[in-house]
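The values are calculated or read from the model by the stated rules, or taken from the named source; none is laboratory data. Please read all numbers here as calculations on a predicted model, not as lab measurements. Ideal geometry is used to build each Cβ from the backbone, glycine not excepted, and the neighbour counts take in all protein chains shown.
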Amino acid sequence: MIVSVDHINLVVSDLERSVDFYTNVLGFRETQRAELEGEWIETIIGLETVKASVAYVVSPAGQPRLELLQYHSPIGDGFQANSIPNTLGLRHLALSVDNIDSAVQRLREAGTELLSRPVVVPTDVIQHSTGQKILCYFHDPDGVLLELTEYRHNSLDSLGRFS
């Protein structure tokens, strides 16, 4: 039945700004752009007079793609940032990184505000086969909640303790 997640769609207010953020700040790679209009797209989404621009970006791992979509017509309403943790629906998009400290530094250099410092998830609460999970939240330019996640493998230090 389901083979994989094909893409995740994010409706954005400024396609160029979002492509710049996802590629130059987060390290995604742009793979394709297109202009969308006509009966086929109007039928799919159920709106009339649709004109939109789309860009696909992928992480270094390749999948799933992010579909960044800016509507020129009809323009939708903005939304309030999903800042309440128990809000129903899609909460956030988690991005796996190999070094959360350098990723956080890159975000700060780009002027992105973090919602917290990176925090270690207690292993007695949630166990991960890789050892530690460290994460933090931030918003993209349109207020989409994103998470940086690093999994650190447990290793023994010189005293035989797990680090």
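Within the range 20-40, the set of residues being out of contact with any Phe, Trp or Tyr (no Cβ under 8 Å at 6 or more places or on another chain) and in a strand (DSSP E or B) comprises R29, A34, E35, L36, E37. Examine the range 133-150 for a residue that is assigned to a strand (DSSP E or B) and at pLDDT below 90, and state whether such a residue exists. For the range 133-150, residues assigned to a strand (DSSP E or B) and at pLDDT below 90: present.
Here is a yes/no grid of residues against (1) closer than 23 Å to V25 by Cα; (2) β-branched (V, I, T); (3) surrounded by 12 or more Cβ atoms within 10 Å (Cβ to Cβ):
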residue	(1), (2), (3)
Y56	yes, no, yes
Q63	yes, no, no
Q70	yes, no, yes
P74	no, no, no
A94	yes, no, yes
L114	yes, no, yes
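Output yes when any residue across the range 11-30 is among the acidic types (D, E), loosely packed, with under 15 Cβ neighbours inside 10 Å, more than 29 Å from Y151 (Cβ to Cβ) and at pLDDT below 95, and no when none is. No, that holds for no residue. Answer yes or no: is there a residue in the range 22-38 that is under 26 Å from G111 (Cα atoms), aromatic (F, W, Y) and in contact (Cβ under 8 Å) with a residue 60 or more places away in the chain. Scanning the range 22-38 turns up at least one residue that is under 26 Å from G111 (Cα atoms), aromatic (F, W, Y) and in contact (Cβ under 8 Å) with a residue 60 or more places away in the chain.
For V104, state whether it is farther than 22 Å from C136 by Cβ, free of Cβ contacts under 8 Å to residues at least 60 places away in the same chain and either in contact with a His (Cβ under 9 Å, 6 or more places away or on another chain) or of a type in the set (V, I, T) (or both). Considered against the rule, which asks whether it is farther than 22 Å from C136 by Cβ, free of Cβ contacts under 8 Å to residues at least 60 places away in the same chain and either in contact with a His (Cβ under 9 Å, 6 or more places away or on another chain) or of a type in the set (V, I, T) (or both), V104 comes out as no. If you check L36, L15, L47, L93 for being hydrophobic (A, V, I, L, M, F, W, C), closer than 29 Å to C136 by Cβ and outside the structural domain of P141 (by the TED database), only one passes: L15.
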